[in-house]
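*Asks:* Questions regarding the structure given below will be posed in turn.
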Amino acid sequence: MQIRELDLKELPEAYEVLSQLRSDLKYKEFEDLVYDMRHKEYKMIGVFEGIELVTYAGVFIQTNLYHKRHLFVDDLVTYDSFRSRGYGDAMIEYLINYAKVAMCENIVLSSGLQRVDAHKFYEKMGFEKKSYMFVKSL
């Protein structure tokens, strides 16, 4: 198992895993959004088994008044056929160390209400439910 930052040449592999979570996101839109997020130092992190990307996390460091300096996890997903094998645990451990090195006080993520299994995983990994996120479409 190897965990490392992905580069832009690996967008197709990243998309293949991410589409397990974001099934309504088309590749071209994904590519455009990743390029658009470069200004906020968006990082793509991957867990590999051999040469195969099996877990993807999209993260960036931000600061706000509530969470202070923190690592925000936009997306975290393991490819269906590799779930429950420790790859998500390894990614969380990696992100904890990544956040500590970056002098973050917290790791923050948002998870859809329907993702009950993901919530159990996050709680097992020490995350606490702190708030609801509200969205208004424009």
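*Asks:* Being open to solvent by 40 Å² or more (accessible area, probe 1.4 Å) and over 22 Å from Glu16 (Cα atoms) is the filter here, so list the residues in the range 68-79 that pass it.
*Replies:* Result: Lys68, Arg69.
*Asks:* Which members of the range 101-133 meet the condition of being of a type in the set (A, V, I, L, M), without any contact (Cβ under 8 Å) to a residue 12 or more places away in the chain and assigned to a loop (DSSP other than H, G, I, E, B)?
*Replies:* Listed by number, the list holds a single entry, Leu113.
*Asks:* Further question: Kindly provide the set of residues from the range 56-67 that are touching a residue at least 40 places away in the same chain (Cβ under 8 Å) and closer than 19 Å to Ser23 by Cα, ordered by number.
*Replies:* Selection gives Tyr56, Gly58.
*Asks:* Out of Lys100, Lys26, Lys124, report the one residue that is basic (Lys, Arg), more than 15 Å from Leu6 (Cα to Cα) and at pLDDT below 95.
*Replies:* From the options Lys100, Lys26, Lys124, the qualifying one is Lys124.
*Asks:* Further question on the same structure: Filter the range 63-95 down to residues that are in contact with a Leu (Cβ under 9 Å, 6 or more places away or on another chain) and not charged (D, E, K, R), then give me how many there are.
*Replies:* Of the range 63-95, the ones in contact with a Leu (Cβ under 9 Å, 6 or more places away or on another chain) are 71-77, 79, 88, 91-92, 95.
Subsequent filtering for residues that are not charged (D, E, K, R) retains 71-73, 76-77, 79, 88, 91-92, 95.
Adding up the residues that qualify gives 10.
*Asks:* Continuing with this model, one more query. Here are some residues: Gly88, Gly126, Gly58. Which one is surrounded by fewer than 20 Cβ atoms within 10 Å (Cβ to Cβ) and either under 28 Å from Lys9 (Cα atoms) or of a type outside the set (Ser, Thr, Tyr) (or both)?
*Replies:* One residue alone meets the criteria, Gly126.
*Asks:* Out of Tyr98, Tyr94, which single residue is within 12 Å of the chain's Cα centre (by Cα) and of a type in the set (Phe, Trp, Tyr)?
*Replies:* So the residue among Tyr98, Tyr94 that is within 12 Å of the chain's Cα centre (by Cα) and of a type in the set (Phe, Trp, Tyr) is Tyr94.
*Asks:* What number of residues within the range 44-55 satisfy the criterion of being open to solvent by 50 Å² or more (accessible area, probe 1.4 Å) and either under 14 Å from Leu109 (Cα atoms) or of a type outside the set (A, V, I, L, M) (or both)?
*Replies:* Of the residues in that region, 3 qualify.
The values are calculated or read from the model by the stated rules, or taken from the named source; none is laboratory data. None of these values were measured; they are calculated from a predicted model. Reconstructed Cβ throughout: ideal geometry from the backbone, glycine too, with neighbour counts over all protein chains shown. Heavy atoms of the whole protein, side chains included, go into the accessibility calculation; ligands, DNA and RNA do not. Shrake-Rupley method; radii C 1.70, N 1.55, O 1.52, S 1.80 Å.
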